[in-house]
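Chemist: This is the structure, below, for whatever I ask next.
Readers should treat all values here as calculations from the given coordinates under stated rules, not as data from a laboratory. None of these values were measured; they are calculated from a predicted model. All Cβ positions, glycine included, derive from the backbone under ideal geometry; neighbour counts span all protein chains shown.
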């Protein structure tokens, strides 16, 4: 009935044109499951390869700086690869959920500080410290996706300290 009214009012073409464009854009942005999995795998492998290439740079002169950059870029790409699995908006919602917000902020701060120490300050020792912090933050963030994993780690650390 609404289409009939809009036809007689001369609005049908405009409504179909607007819906068509929106539908086209939405459909173009959707990925199939196999494409999402392939995208995740490719990005994740690229991230790991960058981290491994950075490790080889440790044997070069000034290699810790290169290692810091490659390791950080590898972690960024590996983290971004999960956007293929759940979508970027859903990924951001999960990253900034109350249970993960501290770990997420620590990851981003560690990324920035590692790159700053490696590229801006050219301080290899400080870059190494931030790489360690980055690794621990990524581990803590990853554990947040496994039920009760953080609690198990906390109890294990407490038992080792006590």
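Chemist: Given R₀ = 25 Å, FRET efficiency for residue 37-residue 108 by Cβ-Cβ distance, to 0.05?
Modeler: Numbers: r = 26 Å, r/R0 = 1.05.
So, using R0 = 25 Å, E works out to roughly 0.40.
Chemist: Here's a follow-up. Restricting things to alpha carbons, tell me how big the range 31-161 is in terms of Rg and Dmax, in Å.
Modeler: Values for the range 31-161 (Cα only, Rg and Dmax): 16.1, 48 Å.
Chemist: Continuing with this model, one more query. How would you rank 119, 79, going from fewest to most other Cβ atoms within 10 Å of each one's own Cβ? Can you show the working numbers first?
Modeler: Numbers: 119 13, 79 21.
Sorted ascending by nearby Cβ count, the order is 119, 79.
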